[in-house]
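Trainee: Please find one structure pasted underneath; my questions will follow.
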Amino acid sequence: MLNEERTFVAIKPDGVERGLIGEILTRFEKKGFKILALKLLEVTDNQAAMHYEEHYGKPFYARLVKYITSGPIVAMVVKGYNAVESVRHIVGATNPLNADVGTIRADYAQVMEYNVIHASDSLKSAEREISIYFNKNEIVDNWKNMAEEIIENEELL
């Protein structure tokens, strides 16, 4: 069943520093996803704490916060059918050693600590993470892409 969803994606500091922004965006666009919001930003300590709140108190928490605040990220809202699951499939396993060949992490990352990209793991996480980085007036959702046009036209037949 096709469920239209929004999800949050962030190209992490290592992906930005290595010049992978265009390549990563292209993968989502070629799949037919809509980019509803996109910005380059430096993550504040407060945003990092909110983003990684479920890991607070774990031994690796401080490293997560230090890393995400170490350089600019590209934050985006991506929309499409079954977006959460499909985007995570494109991104690949958290540990690049376990990521399927052809995924972003398998292609561009060597170690889990610097794995190039983040993608929300559920609809609930996506909405929470979107609200950390974007306010409602920064998200543009009043246009149709090719996939939406095709599905709409098929429904009219």
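Trainee: Report ASP107's accessible area, 1.4 Å probe, all protein chains in place, as a number in Å² to the nearest 10.
Mentor: Probe radius 1.4 Å; accessible area of ASP107 about 70 Å².
Trainee: Just need log10 I(q)/I(0) for segment 83-157 at q = 0.16, 0.20 Å⁻¹, Debye formula, equal scatterers on the alpha-carbon atoms, no solvent, rounded to two decimals.
Mentor: Cα-only, vacuum Debye calculation for segment 83-157: -0.78, -0.94.
Trainee: Rank LYS79, LYS66, LYS31, LYS124 by accessible area, highest first, at a 1.4 Å probe radius?
Mentor: Values: LYS79 25, LYS66 155, LYS31 125, LYS124 175 Å².
From most exposed to least exposed: LYS124, LYS66, LYS31, LYS79.
Trainee: Which loop GluC sites (Glu not before Pro) in segment 80-157, with loop taken from DSSP, have no more than 16 other Cβ atoms within 10 angstrom of their Cβ? Show your work: numbers first, answer last.
Mentor: On the way: sites: GLU85, GLU113, GLU127, GLU129, GLU138, GLU148, GLU149, GLU152, GLU154, GLU155; in loops: GLU113.
Here the sparse-neighbourhood loop sites are GLU113.
Trainee: In the structure shown, do any of LYS34/LYS136; LYS34/LYS66; LYS58/LYS136; LYS124/LYS144; LYS12/LYS79; LYS39/LYS136 have a Cα-Cα gap over 22 Å, and if so which?
Mentor: On the way: LYS34/LYS136 16 Å; LYS34/LYS66 30 Å; LYS58/LYS136 32 Å; LYS124/LYS144 24 Å; LYS12/LYS79 20 Å; LYS39/LYS136 14 Å.
Over 22 Å Cα-Cα: LYS34/LYS66; LYS58/LYS136; LYS124/LYS144.
Trainee: Give the span of segment 2-88's Cα atoms along each principal axis, as three whole-Å numbers ordered largest to smallest.
Mentor: 38, 28, 18
Trainee: Per DSSP H run of n ≥ 4, the term is -39500 (n - 2.57); total these for the chain, divide by its residue number, and report the mean residue ellipticity at 222 nm rounded to 500 deg cm²/dmol.
Mentor: Details: 8 runs with 67 residues, N = 157.
Taken over the chain, the calculation gives -11500 deg cm²/dmol.
The values are calculated or read from the model by the stated rules, or taken from the named source; none is laboratory data. This one's a predicted model, so the numbers in the text were calculated from it and none came from an experiment. Cβ: placed from backbone, ideal geometry, glycine included. Neighbour counts: every protein chain shown. Please note that ligands, DNA and RNA were not included when accessible areas were found on the heavy atoms of the full protein model with its side chains. Shrake-Rupley method; radii C 1.70, N 1.55, O 1.52, S 1.80 Å.
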